[in-house]
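Following: one structure in structure tokens, then a few remarks.
The values are calculated or read from the model by the stated rules, or taken from the named source; none is laboratory data. Everything numeric here is computed off the predicted structure, so don't read it as measured data. Here the Cβ positions follow ideal geometry from the backbone for every residue, glycine too, while neighbour counts run over all protein chains shown. Only protein heavy atoms, including side chains, enter the accessible area calculation; ligands, DNA and RNA are left aside. Shrake-Rupley method; radii C 1.70, N 1.55, O 1.52, S 1.80 Å.
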Amino acid sequence: MLTYFVSFLSQLAQTLLVVLLAPLLLGWVCQCRAWLQNRSGPGLLQPYRVITKLLHKEALLAHNASAVYRVAPYVQFGCMVLAASVVPIIETNLLFAPAADVIALVGVFALARVFSALAAMDVGTSFGSMGARREMLVSSLSEPALLMILFTPLLIVQSSSLNVIVDTLAHREFALHPSLAFAAVAFIMVLLAENARIPIDNPATHLELTMIHEALVLEYSGRHLALIEWATAIKFTTYCTIGIALFAPWGIAKAGAWQALPEAVFMLIVKLGIVGAGLALLETISTKMRIFRVPEFLGMAYMLASLGMLTLLLLGS
């Protein structure tokens, strides 16, 4: 009973850490982009200010909105919190470890996307429907690439459990896998597409002809928009933690290794800082591509992921 309670507290602490730090990571990326562009930037805490302001505003609903429109923000937020809770980022073998299946994790992201697309089309605006179509186009190309990426570490460890994959890769002798290098590059491309970052989408734009994610949330306001913005930050952080868990798992503590937890938390913050700065640099030197070039971009990601899996199967490395 005591072990179960300790595992529950560790799981709760890890989930709260990701949920509460998610807006900070988004603010760090924006601040790094501002520095690279020789601007002052809005500050690290700006996402918290935006979410707090929206939570205190009244939520306005369209007259023809159905229950799907009202429920979608809560479903998106719940799915992102669930996804964040099953990714081992500080300690392995936590309470939700049996549910940390990589294929099920992709399904959780897909469920949130389906509700966001349905809610965007529910009110019947042209921009919402356009954004939903573009979002589903991107997802139909990025999800197969993401599955192919996850198959490479899955085949190395011979398990689809994310907990087993991280535990095996983090706590064994250092080994170089060219297959994981291909998968890592493909994962960065999918991360940019799934989180509506440059070059797929510009999160700072509101141009009707170019936006994808922003077109989905144009009709939301108040607490609903706050939940969506928070869920977006959690999704971005969760994708970063998945990349860290798969390709740089060093420093993640074993279950019950309490003395290693402070080091694990410190390593997580350092890794997220490096990832955020790297993504800011990548977005600064890139330009947004036309929507018709997105299939080529994600097709390249799928090809790299396939090359990684074939390298593992044919060469065993």
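Summary of values
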quantity	calculated
Search result, residues across the stretch 144-184 that are within 18 Å of Thr311 (Cβ to Cβ) and out of contact with any helix residue (DSSP H, G or I) (no Cβ under 8 Å at 6 or more places or on another chain)	Gln158, Ala175, Leu176
Residue list for the stretch 168-195, restricted to those being more than 15 Å from Phe151 (Cα to Cα) and at pLDDT 85 or above	Ile188, Met189, Leu191, Leu192, Ala193, Glu194, Asn195
Unique residue being in contact (Cβ under 8 Å) with a residue 40 or more places away in the chain and either open to solvent by 40 Å² or more (accessible area, probe 1.4 Å) or over 22 Å from Gly107 (Cα atoms) (or both) when the list is Ala233, Ala245, Ala301, Ala215	Ala215
Number of the condition not met by Pro98 [criteria: (1) over 30 Å from Ala13 (Cβ atoms); (2) open to solvent by 40 Å² or more (accessible area, probe 1.4 Å)]	(1)
Hits in the stretch 77-106 (condition: under 13 Å from the mean Cα position of the chain (by Cα) and free of Cβ contacts under 8 Å to residues at least 40 places away in the same chain)	Leu82
Pairs where the first residue, in the stretch 151-164, is over 18 Å from Met303 (Cα atoms) and the second is open to solvent by 10 Å² or more (accessible area, probe 1.4 Å) and among the small types (Gly, Ala, Ser), C-beta under 6 Å, 6+ apart	Asn163/Ala97
Whichever residue in the stretch 263-289 is touching a Phe, Trp or Tyr at 6+ places or on another chain (Cβ under 9 Å) and more than 21 Å from Ala245 (Cβ to Cβ) and, among such residues, is least open to solvent (accessible area, probe 1.4 Å)	Ala280
Residues being surrounded by 17 or more Cβ atoms within 10 Å (Cβ to Cβ) and not polar (S, T, N, Q) - total across the stretch 20-43	12
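Yes or no, residue by residue, for (1) part of a helix (DSSP H, G or I); (2) at pLDDT 90 or above; (3) under 22 Å from the mean Cα position of the chain (by Cα):
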site: Val71; (1), (2), (3): yes, yes, yes
site: Leu118; (1), (2), (3): yes, yes, yes
site: Ile156; (1), (2), (3): yes, no, no
site: Val166; (1), (2), (3): yes, no, yes
